[in-house]
Amino acid sequence: MENVKNDEIEVYVVAVMSAGKSTLINSMLQTRLMSSKQEACTAIITRIKDKDGTDWSAEVYNNENKIIETYKELNYNTMNRLNADERVSTIKISGDIPFVTSEDISLVLIDTPGLNNARDPEHREIQKAFLDPSSKALVLYVMDGIFGTQDDDTLLKQVAESMAVGGKQSQDRFIFVVNKMDDRRREDGDISEILDGVRSYLRRHGIENPNLFPAAALPALYIRLMKKASEGKAEVDEDLEDETERVIRKLNRNEKLHLETYAPLPASIKKMIEDELEEAKQSGDYSTQALIHTGIVSIEAAIRQYIKKYIQPMKYSEAVNALLAALGRVEYMEAAKQEEVIEECERLIDIYKQKIEELQKAVALYQSACMYLENTEDSLEKRLSRKITESQKKSIQIKNIQNEIRSILDI
């Protein structure tokens, strides 16, 4: 499966300078990890792989792909230092990305250098990889509503070419995040007007019907840091506390900044987010309400939806093909493959029917033993009866058989 290797799905986070790309990543990681200074700050390639239940660790590589440093405990200060180190080309991080699970497919967030901040040919190669029309990787293209730079124009033209090939999935794999919406002033117009301006700008570059997600990444990060601090999992200063209280009031008070309402999500997912918002209102949880209004929750839902819609079916298809390959039948036509899978299921059902018959015979034997031992000690009879009952339950559970077949076929 091209670009979905070893049960991974890559999500490239792309932007020209100062669009808030690293802050967006931090908000999804729910921690300060990526350098997010105002100046151009992403000069290295950073791969962040989801590994449930683990802290952040890293391997650091030079431009010859050799490990030069390792960290069992990675933090923001170390990342800042590494980003300024001319020897560093790539950092491979692993840790728990909170909004997904790595049980079936591991998400890999890739923070890429912008076109105006690439150090070596490897950076251009990674850009070429996610723009390849055959790629199945997700791309978060981060904008801030200020258009017209030469770098932006160049990259968008390449994005348009990639989106033009491959049908609906090629459209869906590009998510345009219009960041810093909380900075918009009244004279900038309503959010809907800003998004219309973005659509017109993208249309001029050949991109029709883009998936536009307005966002306020920095407030989302602040709110999540405050939530972690309340759980004793993070430290925050008074300035951050004051700023977070301010943005929570602003987001909850100003309906025009309820960014989740603009997200192009399926109705079922929008309903889930609306239910979560209503629950937060009922409980007086102002932080969760404001977090939903930042739009970050909607972006995370869009990523999960893409995995569910496109990547997981591809994984299941590969599992079936792997089974057929193991049986030495991959050379058959697709219809023949389907027939063979059915035959294999029928064979497994016959095996389990035979197991049921054997268990039923065992139960009958136990029943006979109980009748024979009617006059024995009561405790022995109860132990036998209990075992018989457990055996009967196990022998009749047809769902156990169905689940076992699914497990064998990995479907």
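Looking only at residues that are charged (D, E, K, R) and over 18 Å from N26 (Cα atoms) in segment 50-74, which one is least open to solvent (accessible area, probe 1.4 Å)? Lay out the reasoning, then the answer.
At the first step, the residues of segment 50-74 found to be charged (D, E, K, R) are 50-52, 55, 59, 64, 66, 69, 72-73.
Pick out the ones that are also over 18 Å from N26 (Cα atoms) and you get 59, 64, 66, 69, 72.
Numbers: E59: 72, E64: 120, K66: 119, E69: 36, K72: 185 Å².
The qualifying residue least open to solvent (accessible area, probe 1.4 Å) is E69.
For Y310, state whether it is open to solvent by less than 20 Å² (accessible area, probe 1.4 Å), assigned to a helix (DSSP H, G or I) and not hydrophobic (A, V, I, L, M, F, W, C). When the stated conditions are applied, Y310 does not pass them. Pairing residues of segment 268-291 that are on the phi > 0 side of the Ramachandran plot with residues that are basic (K, R) and open to solvent by 90 Å² or more (accessible area, probe 1.4 Å), at Cβ distances under 6 Å and at least 6 apart in sequence or on separate chains, gives no pairs at all. Residue pairs whose Cβ atoms lie under 6 Å apart, sitting 6 or more positions apart in sequence or on different chains, and linking a residue in segment 164-192 that is more than 25 Å from V297 (Cβ to Cβ) to a partner that is modelled with pLDDT under 90 and not in a strand (DSSP E or B), are V165/P133; G166/P133.
Quick grid of which residues meet (1) at pLDDT 90 or above; (2) under 24 Å from D152 (Cα atoms); (3) over 15 Å from the mean Cα position of the chain (by Cα); (4) not in a loop (DSSP other than H, G, I, E, B):
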{"site": "M1", "(1), (2), (3), (4)": "no, no, yes, no"}
{"site": "V4", "(1), (2), (3), (4)": "no, no, no, no"}
{"site": "E10", "(1), (2), (3), (4)": "yes, yes, no, yes"}
{"site": "V13", "(1), (2), (3), (4)": "yes, yes, no, yes"}
{"site": "M17", "(1), (2), (3), (4)": "no, yes, yes, no"}
{"site": "S22", "(1), (2), (3), (4)": "yes, yes, yes, yes"}
{"site": "I25", "(1), (2), (3), (4)": "yes, yes, no, yes"}
{"site": "R32", "(1), (2), (3), (4)": "yes, no, yes, no"}
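Among the criteria (1) open to solvent by 40 Å² or more (accessible area, probe 1.4 Å); (2) more than 24 Å from the chain's Cα centre (by Cα); (3) modelled with pLDDT under 90; (4) not β-branched (V, I, T), the one N77 does not fulfil is (3).
Here L212 clears all of (1) open to solvent by less than 30 Å² (accessible area, probe 1.4 Å); (2) under 18 Å from N26 (Cβ atoms); (3) within 21 Å of the chain's Cα centre (by Cα); (4) not acidic (D, E) except the condition numbered (2).
Please find, among S268, S192, the residue that is open to solvent by 20 Å² or more (accessible area, probe 1.4 Å), farther than 23 Å from P98 by Cα and out of contact with any Pro (no Cβ under 9 Å at 6 or more places or on another chain). I'd like the intermediate steps shown before the answer.
Numbers: S268 fails: farther than 23 Å from P98 by Cα.
Only one candidate passes the filter, namely S192.
Taken over segment 85-108, the criterion of being open to solvent by 20 Å² or more (accessible area, probe 1.4 Å), in contact with a Phe, Trp or Tyr (Cβ under 9 Å, 6 or more places away or on another chain) and assigned to a loop (DSSP other than H, G, I, E, B) is satisfied by D96 alone. Residue count for segment 259-283, restricted to those that are part of a loop (DSSP other than H, G, I, E, B) and of a type in the set (A, V, I, L, M, F, W, C): 2. Annotation note: Cβ proximity below 9 Å between a residue of segment 77-103 that is more than 30 Å from Q312 (Cα to Cα) and small (G, A, S) and a residue that is open to solvent by 20 Å² or more (accessible area, probe 1.4 Å) and not in a loop (DSSP other than H, G, I, E, B) (sequence gap 6+ or interchain) occurs for S89/Y61; S89/E122.
Here D111 does not fit the description of being buried (at least 19 other Cβ atoms within 10 Å of the Cβ) and modelled with pLDDT under 85.
The values are calculated or read from the model by the stated rules, or taken from the named source; none is laboratory data. Keep in mind it's a predicted model, so treat the numbers as computed, not measured. Glycine also receives a Cβ, built like all others from the backbone with ideal geometry; neighbour counts cover every protein chain displayed. To get the accessible areas, we keep the full protein, side chains included, count just its heavy atoms, and leave off ligands, DNA and RNA. Shrake-Rupley method; radii C 1.70, N 1.55, O 1.52, S 1.80 Å.
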